[in-house]
Amino acid sequence: MRETELQEVNEVAVKAAQSLGVDDAVAMTARGSSRMIRFANNSVTTINYLDETELTVYLAKDKKRTIASTSDMGAESVKKFVKDLFDTAKGLSPSEYVPLPTKATKHAPSPLGYDKRLEDAGEELPALAKRAISASTSAGAKRAAGVIDAGTVEYAILASNGTSGTDRRSSIELNIRSFAEKDASGHGLSCSSSLAGLDPEEAGTRAGHDAKRMEEASEPEAGKYSVLLSPTVASNLIEIVGSAASAFSVEAGLSYLTDKVGGKVASESFSLTDHGVVDGGLGGRVFDDEGVRTGSTAIVEKGTLKGYLHNLTTAKKWKTESTGNAGLVTPHPWNLEVSRGDSSYDEMVGEMKKGIVLTSNWYTRFKNYRTGEFSTVPRDGAYLVEDGKVVRPLKGMRAGDDLLRMLSSVRLMSSEREWIQWWEVDTPTLCPWVLVDGMTITRAYG
Amino acid sequence: MGTEQAKDMAELAVAKAREAGASYAEARVQKTWGRQFALKNGEPQPSFFSEGYGVGIRVIAGGALGFAATNDMKGSTVADVAGRAVKLAKASSQVLLKPVELDAPRAIKKKWAAPETQKVEDADASWLRGVLMEVDGRIADGKAGVKLPGRLLFLSASLEEKLFVNSDGTNVEGRHPRVNFFGSLTALEGSETVQRFIQQGETGGLEVVKRIRLVEKIEEEAKTMGKVLREAGKPPTDVVDVVLSPELSGIAAHESVGHPQEADRVLGREGAQAGESYLKADSLGMKIGSDAANVSDDPTLEHSNGFTPVDDEGVESRKRRLIKDGVINEFLHNRMTARQLGVSGNGASRAVSFDREPIIRMSNTFVEPGDYSTEELIKEVKHGVFFKSFTEWNIDDKRLNQRYVALEANLIEKGEVRGLLKAPVLEITTPKLWGSVKARSKHMEFEAATCGKGDPSQGAPVWTGGPETLLSGIRLGAR
């Protein structure tokens, strides 16, 4: 199903809604096609092919708002689906409602972030996996597990105010984890919007190299450390800053950024921007779920919180304009970009008196999103630094902090940045290495 | 579900995969239906309805496993997708070191439906809204004795209908209704704040809301948050006994017993994402806990959130005794890991939608009940901490190093429950935790949870639970 066919589905839905007398209707149809190979113990475990199309319809009538999705694209089915949805909405009570803009916008697709070669990539994936595994083995690992996920997604939107548009993105991601003796492990990632941008050798080498280095790892002493967060680790935490910047999160009591617009929330060197579509970005669209044009929104600029991410409903409540980040219910970031610093990795390690380098993490959980208190579990390559030198590998620890203190304690950031998206980072994030002072490291009892 | 069309498509998929050269093929046609309503600080949010219908096809071809899915249910598309699964599987065999094999087929024909008193499809928008308004009405405006400026409440009713067929001759149809609540409450007292995430849910129809006492439970939670804000004092720093509530027993059972005993983790298949396990293929029989440590996973519990009488490989499931008298007793298996480890599958393979491959999942994981009353168990404690509910928690990917930060916790002195404590931290290794189990109460409770695993991610409905569990000689951690 191509963009024109997707738009035909939308037309059926919006016309059906208009014939029922709705105040607003938005139909968005998305078709995703993806291929994924997974491997473990240096051997393929499964290869997947997914091809799915989904129609999402938003209706508003007398301030009663409802959203529904279906996978049945037949014209008669879509008409019935819209009618059923309309009838169901009658049982609702009025909710927060802001009408769609009176002026229609025509959205042309962005040429960024789309590689036609990824439309049919599938049988190439085993060879790419083989290259990553070989690189991992050459770097010293015994075995590797991983995934390569390649795919495209096409979107079409049509709204009752006349707004319409199409867009499309592609992406390919490799996540490899290598294992050496004593269950020592290392992690490598490579993400790109184009097939040519994938670097299986670099990711495999990085994972294998760290796995080998981790063989003699031991536990650190608990206490406060300067911690050098890799782009992978920093993205996992900064993604949550992006969520906290959603006006919905603020209203729901789930944001540590509440009441902090205009205030300092990070070190002077730290800026964070969201982009609807950006060169190198792996996701996003030129329009949001309400048909509003997306753009670049400064969230944090030189350490100061500039504002929240909005859709039409939250924007009205906060007396501002939509930032093009709908989510019909929850505004959300599309592609996050952290500012670059001017340090190299080696310079940052050299600046640490008593520190820890973390290359990967998982299972970040919050005690309280309102205060930003969290802990996360480092895994794979982790190293103790003393007086500017890496002295030994570390395992069996936990890192904890609160996001406000952590980002206010950023001392240095690297000039090199990486795009990160993987199992633990949903929102594509362009991120440098980040050196934070005073993080808490704890160990388990027993 | 249009059963005849579903059956035709499933059989077509299996036939086409076999024609294309698959040595084994299965198809799972799945229809999902959902209704969800939300209140944010008492304000209705747009309601959300969903319908999904598609087929997932899994094959073994060239010794490799392939999976393909589509929600275009035209015969030509289903046939094409089945062919693609086979083609891709064959192509991937260049990276295959050992062919995939399944345990011996046990073909079954079965039709099951989870019991429900009031059909879940009756959950219209006004019913969902009504329940949430009642919940919010009990806790808004300081009615529960505490200001709750952040109240985000969701109620959903859902139905999963599945038809599974495979080339061994298995044919299973299932109907699975569920009602689930999720809420986040943020309480404020002066400049102090606490936050609680609450998930409740069961298999069943609309009667679930009353059966689980949803409205009353949320009100009790809110009242507790106020008390914690006003009364909680500093936790002890010396060695203490710890009593885990059913909620804490359940999360510990899930995280540090259920997950490391998933055989796919043990064998390395989840290594790049959810991780592996501290246990190896030869760890059965290993002593990991005290004689009082007993943990099970049981998918056959009626009404449970993880109710799975037949799994998504068409295998009839059964209770699994994971730790028996402190000994690693059994892993959770799918047909591949069962074959690899030379045992029979125990029906632990689940997929959350048609477009996800079935993988090994827990169902309802719990500490087994003991023979103490709760009061008798507390009497055993001279100096201890009663962990009643938790907020922050996590565990390393080998499942050896875990942490639970309490929201509600009390000091215990000389067998008596005393005042509230502020956020005590249990940060402990798996052998230490299960090796410290001294006694278990008879009183069982379960919590609904969504277990994350898989790539693409699959959030599976489960229960976690247990009795009060007494751990002796624990040093608490700190934030």
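Out of everything in the range A:79-108 that is under 31 Å from the mean Cα position of the chain (by Cα) and of a type in the set (Val, Ile, Thr), what residue ends up being farthest from A:ARG293 (Cα to Cα)?
Ranking the qualifying residues of the range A:79-108, first place goes to A:VAL98.
Which of (1) within 30 Å of B:ARG350 (Cβ to Cβ); (2) buried (at least 19 other Cβ atoms within 10 Å of the Cβ); (3) modelled with pLDDT of 95 or more; (4) not small (Gly, Ala, Ser) is the odd one out, the single condition B:ASP455 does not satisfy?
So the condition that B:ASP455 fails would be (3).
Could you please let me know if A:ARG31 is within 11 Å of chain B (Cβ to nearest Cβ), over 30 Å from B:GLY275 (Cβ atoms) and charged (D, E, K, R)?
Yes: the conditions hold for A:ARG31.
If I filter the range A:332-343 for residues that are assigned to a strand (DSSP E or B), more than 14 Å from chain B (Cβ to nearest Cβ), among the aliphatic types (A, V, I, L, M) and within 21 Å of the chain's Cα centre (by Cα), do I get at least one hit?
yes
Taking the conditions exactly as written (within 12 Å of chain B (Cβ to nearest Cβ), in contact with a Leu (Cβ under 7 Å, 6 or more places away or on another chain) and in contact (Cβ under 8 Å) with a residue 24 or more places away in the chain), does A:VAL78 satisfy them or not?
Yes.
Mind checking which residues of the range B:81-140 are among the acidic types (Asp, Glu), surrounded by 20 or more Cβ atoms within 10 Å (Cβ to Cβ) and in contact with a Lys or Arg (Cβ under 8 Å, 6 or more places away or on another chain)?
Correct list: B:ASP103, B:ASP136.
So which of B:VAL425, B:VAL462 is β-branched (Val, Ile, Thr), within 24 Å of the chain's Cα centre (by Cα) and within 14 Å of chain A (Cβ to nearest Cβ)?
B:VAL425
How many of the residues making up the range B:149-180 are surrounded by fewer than 23 Cβ atoms within 10 Å (Cβ to Cβ) and under 30 Å from B:THR224 (Cβ atoms)?
6
Given B:ALA17, B:ALA22, B:ALA10, which one is in the same structural domain as B:SER92 (by TED's automatic domain parsing), modelled with pLDDT of 95 or more and not in a helix (DSSP H, G or I)?
After ruling out the rest, the residue left standing is B:ALA22.
Can you find even one residue in the range B:381-391 that is basic (Lys, Arg) and within 20 Å of B:PRO431 (Cα to Cα)?
Checked against the condition, which is being basic (Lys, Arg) and within 20 Å of B:PRO431 (Cα to Cα), the range B:381-391 yields no hits at all.
Mind telling me which of the residues B:LEU39, B:LEU65 ends up being modelled with pLDDT of 95 or more and farther than 30 Å from A:LYS63 by Cα?
B:LEU65
Taking the conditions exactly as written (in a helix (DSSP H, G or I) and in contact with a Ser or Thr (Cβ under 7 Å, 6 or more places away or on another chain)), does B:PRO260 satisfy them or not?
yes
Residues are listed down the side, and each one gets a yes or a no for (1) touching a Phe, Trp or Tyr at 6+ places or on another chain (Cβ under 9 Å); (2) hydroxyl-bearing (Ser, Thr, Tyr):
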position: B:ILE288; (1), (2): yes, no
position: B:ASP291; (1), (2): no, no
position: B:HIS303; (1), (2): no, no
position: B:LEU322; (1), (2): yes, no
position: B:ARG350; (1), (2): no, no
position: B:SER353; (1), (2): no, yes
position: B:GLU368; (1), (2): no, no
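Any chance you could count how many residues in the range A:369-414 are within 10 Å of chain B (Cβ to nearest Cβ), closer than 24 Å to A:GLY186 by Cβ and among the β-branched types (Val, Ile, Thr)?
Selection size over the range A:369-414: 2.
Please count how many residues of the range B:263-287 are more than 11 Å from every other protein chain (Cβ to nearest Cβ), surrounded by fewer than 24 Cβ atoms within 10 Å (Cβ to Cβ) and either in contact with a Pro (Cβ under 7 Å, 6 or more places away or on another chain) or outside any loop (DSSP other than H, G, I, E, B) (or both).
Counting residues in the range B:263-287 that are more than 11 Å from every other protein chain (Cβ to nearest Cβ), surrounded by fewer than 24 Cβ atoms within 10 Å (Cβ to Cβ) and either in contact with a Pro (Cβ under 7 Å, 6 or more places away or on another chain) or outside any loop (DSSP other than H, G, I, E, B) (or both) gives 2.
Condition check ((1) in the same structural domain as A:ALA315 (by TED's automatic domain parsing); (2) of a type in the set (A, V, I, L, M); (3) surrounded by fewer than 23 Cβ atoms within 10 Å (Cβ to Cβ)) across all residues:
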position	(1), (2), (3)
A:GLU8	no, no, yes
A:GLU11	no, no, yes
A:ALA30	no, yes, yes
A:ILE37	no, yes, no
A:THR56	no, no, yes
A:ALA75	no, yes, yes
A:LYS90	no, no, yes
A:PRO99	no, no, yes
A:THR105	no, no, yes
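Listed here are the residues, each with its yes/no results for (1) within 11 Å of another protein chain (Cβ to nearest Cβ); (2) among the aromatic types (Phe, Trp, Tyr); (3) within 18 Å of B:LEU132 (Cβ to Cβ).
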{"site": "A:LYS64", "(1), (2), (3)": "yes, no, yes"}
{"site": "A:ALA68", "(1), (2), (3)": "yes, no, no"}
{"site": "A:SER71", "(1), (2), (3)": "yes, no, no"}
{"site": "A:ASP84", "(1), (2), (3)": "yes, no, no"}
{"site": "A:SER95", "(1), (2), (3)": "yes, no, yes"}
{"site": "A:THR102", "(1), (2), (3)": "no, no, no"}
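On the basis of being under 22 Å from B:ILE428 (Cβ atoms) and more than 10 Å from chain B (Cβ to nearest Cβ), does A:ILE420 make the cut?
In short, no.
Residues are listed down the side, and each one gets a yes or a no for (1) within 17 Å of A:ARG417 (Cα to Cα); (2) polar (S, T, N, Q); (3) free of Cβ contacts under 8 Å to residues at least 24 places away in the same chain:
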{"site": "A:PRO220", "(1), (2), (3)": "no, no, no"}
{"site": "A:VAL227", "(1), (2), (3)": "no, no, no"}
{"site": "A:SER230", "(1), (2), (3)": "yes, yes, no"}
{"site": "A:ASN236", "(1), (2), (3)": "yes, yes, no"}
{"site": "A:ILE240", "(1), (2), (3)": "no, no, no"}
{"site": "A:SER243", "(1), (2), (3)": "no, yes, no"}
{"site": "A:VAL250", "(1), (2), (3)": "no, no, no"}
{"site": "A:TYR256", "(1), (2), (3)": "no, no, no"}
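Examine the range A:146-157 for a residue that is among the aliphatic types (A, V, I, L, M), more than 14 Å from chain B (Cβ to nearest Cβ) and crowded, with 24+ Cβ neighbours inside 10 Å, and state whether such a residue exists.
Taking every residue of the range A:146-157 in turn, at least one turns out to be among the aliphatic types (A, V, I, L, M), more than 14 Å from chain B (Cβ to nearest Cβ) and crowded, with 24+ Cβ neighbours inside 10 Å.
Six or more apart or on different chains, Cβ atoms under 8 Å: show the pairs whose first residue is in the range A:402-420 and farther than 14 Å from A:VAL241 by Cβ and whose second is in a strand (DSSP E or B) and among the aromatic types (Phe, Trp, Tyr).
Partner pairs satisfying both residue conditions: A:MET413/A:TRP433; A:SER414/A:TRP433; A:GLU416/A:TRP433.
Within the range A:387-409, identify whether any single residue is in contact with a helix residue (DSSP H, G or I) (Cβ under 6 Å, 6 or more places away or on another chain), at positive phi and either hydroxyl-bearing (Ser, Thr, Tyr) or at pLDDT 95 or above (or both), and answer yes or no.
So far as the range A:387-409 goes, yes, one or more of its residues are in contact with a helix residue (DSSP H, G or I) (Cβ under 6 Å, 6 or more places away or on another chain), at positive phi and either hydroxyl-bearing (Ser, Thr, Tyr) or at pLDDT 95 or above (or both).
What single numbered condition from (1) at the interface with chain B (Cβ under 7 Å from one of its Cβ atoms); (2) within 30 Å of B:GLU276 (Cβ to Cβ) fails to hold for A:THR88?
(2)
The values are calculated or read from the model by the stated rules, or taken from the named source; none is laboratory data. Keep in mind that this is a model prediction, so the values were computed, not measured. Ideal geometry is used to build each Cβ from the backbone, glycine not excepted, and the neighbour counts take in all protein chains shown.
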